Amino acid sequence: MIYLDYQATTPLAPEAREAMLRWLEGAGEGDGYANPSSTHKAGRAAAAAVEVARDQVAALLPKGGRVFFTSGATEALNWALLRGAEAMPGGVAGLSIEHAASLQCLERLNATILPVDGEGVALPPEATLIPEGGIVATMLVNNEVGTIQPIADFAAAAHAKNSLLLCDAVQGYGRVAIPDGADLIALSAHKIHGPKGIGALWVKDGVDLPPLMFGGAQEQGMRSGTVSPALCAGFGAAAALAAERFDADAEHVERLWSLALDLLPEWTINGDANRRYHGNLNVRREGVNGLRLMSDARDVAFSLGSACGSGSGKVSHVLRAMGVSEADARASIRLGWGRYTSEQELRDGLQAIKDAARLQGVN
């Protein structure tokens, strides 16, 4: 299998796996599986590991905030929007291309949906659409087309009306710089070569967000429930590695981007080619049936869009928000690569996709 679906998830880094093993198997003294809320020696060691991981995750974020571990970015986004709306009752607004984890919360909150242009980039914030004393949700990197959104502009517009800015940084964290200005930032470990089942919500100092759950006062009283030292350690190790390899990973992604463009000259890029993360290539080709293409090129892992919605049969809401026709949306595929993708793998994978397109009569 050639894996070209890095937006859905990323391979677990060996360093993250090693960091997790102590807290799954023990370190020879039986302390590896201790509850970090316990006050005995083993519990204190586990708690220390959680705090080390918290610092590692925070190192890639703006200064002046707190990291709270969650089960993933979906939980973090739900927490920020649903509980945040209780504290900031002035209303909610968010981009039409947000991930479903945000978009369904926005719909539940009767939020104002903010438009994007045909390139998948948010239109400049209009003051009349920004709530007073509420929350504005703006993702950093779109998960389907990779476009980078103007976070600073929306943060300024939100703050001008005493609202908070929530940034879904899942696809950008560890890959592009996180801009200042956000009040809440949602993260996921498995998008940066960490384990599944853990994410985080960063809360800016001074923001009064209600607790998510009650019961045991874990996570500084904000999210009750036993914290997993193993998952935290894996997340922290992945974050530290992302910081260490930031430039090298970016250079590798750029080489693969250039190679992909050379190999797919007949395909049309969905979304702005420059204002985007170049580890995401969403393309379309007239005459292609994307769903059939996945079946015919079954030895290549790629997608039609968000992994959370690919099985629904629905056309991508992101592409439709950009004004892409239904026919073109169904002829679109999403390719993603990163640290562990070799140039040869990309060549072979794209050749298999092109061969599968020819079976549909597309040369």
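Residue count for region 320-363 satisfying the condition of being basic (Lys, Arg), under 29 Å from residue 174 (Cα atoms) and open to solvent by 60 Å² or more (accessible area, probe 1.4 Å): 2. In the condition set (1) assigned to a loop (DSSP other than H, G, I, E, B); (2) surrounded by fewer than 16 Cβ atoms within 10 Å (Cβ to Cβ); (3) modelled with pLDDT of 95 or more, residue 220 is compliant with all but (3).
Taken residue by residue, region 260-283 has no member that is crowded, with 18+ Cβ neighbours inside 10 Å and farther than 30 Å from residue 177 by Cα. Of the residues making up region 89-121, those that are open to solvent by less than 20 Å² (accessible area, probe 1.4 Å) and in contact (Cβ under 8 Å) with a residue 40 or more places away in the chain number 11.
With respect to residue 184, determine if the residue is open to solvent by less than 30 Å² (accessible area, probe 1.4 Å), touching a strand residue (DSSP E or B) at 6+ places or on another chain (Cβ under 7 Å) and closer than 28 Å to residue 44 by Cβ. Give the steps one after another, and end with the answer.
Working: open to solvent by less than 30 Å² (accessible area, probe 1.4 Å): yes; touching a strand residue (DSSP E or B) at 6+ places or on another chain (Cβ under 7 Å): yes; closer than 28 Å to residue 44 by Cβ: no.
Considered against the rule, which asks whether it is open to solvent by less than 30 Å² (accessible area, probe 1.4 Å), touching a strand residue (DSSP E or B) at 6+ places or on another chain (Cβ under 7 Å) and closer than 28 Å to residue 44 by Cβ, residue 184 comes out as no.
Screening residue 132 with (1) free of Cβ contacts under 8 Å to residues at least 60 places away in the same chain; (2) in contact with a strand residue (DSSP E or B) (Cβ under 7 Å, 6 or more places away or on another chain); (3) open to solvent by 40 Å² or more (accessible area, probe 1.4 Å) gives one miss only, at (2). Among residues of region 285-300 that are open to solvent by less than 80 Å² (accessible area, probe 1.4 Å), those with a beta-carbon under 8 Å from a residue that is among the aromatic types (Phe, Trp, Tyr) at least six positions away or on a different chain give the pairs 285/267; 294/302.
Kindly establish whether residue 179 is closer than 27 Å to residue 158 by Cα, more than 14 Å from the chain's Cα centre (by Cα), part of a loop (DSSP other than H, G, I, E, B) and modelled with pLDDT of 95 or more. Judged against the criteria, residue 179 is not a match. For residue 253, the criteria (1) in contact with a Ser or Thr (Cβ under 7 Å, 6 or more places away or on another chain); (2) part of a helix (DSSP H, G or I); (3) β-branched (Val, Ile, Thr) hold in every case but one, which is (1). Hey, can you tell me all the residues within region 142-168 that are without any contact (Cβ under 8 Å) to a residue 40 or more places away in the chain, outside any strand (DSSP E or B) and open to solvent by less than 10 Å² (accessible area, probe 1.4 Å)? Across region 142-168, the qualifying residues are 151, 154, 155, 158. Among the criteria (1) part of a helix (DSSP H, G or I); (2) within 23 Å of residue 73 (Cα to Cα), the one residue 334 does not fulfil is (1). Out of 323, 305, 287, one residue alone is closer than 18 Å to residue 120 by Cβ, modelled with pLDDT under 95 and assigned to a loop (DSSP other than H, G, I, E, B). It is 305.
The values are calculated or read from the model by the stated rules, or taken from the named source; none is laboratory data. Bear in mind the structure is a predicted one, so any value in this text is a computation, not a measurement. Virtual Cβ from ideal backbone geometry, glycine too; neighbours counted across all protein chains shown. The area values use the complete protein model at the heavy-atom level, side chains included, leaving out ligands, DNA and RNA. Shrake-Rupley method; radii C 1.70, N 1.55, O 1.52, S 1.80 Å.
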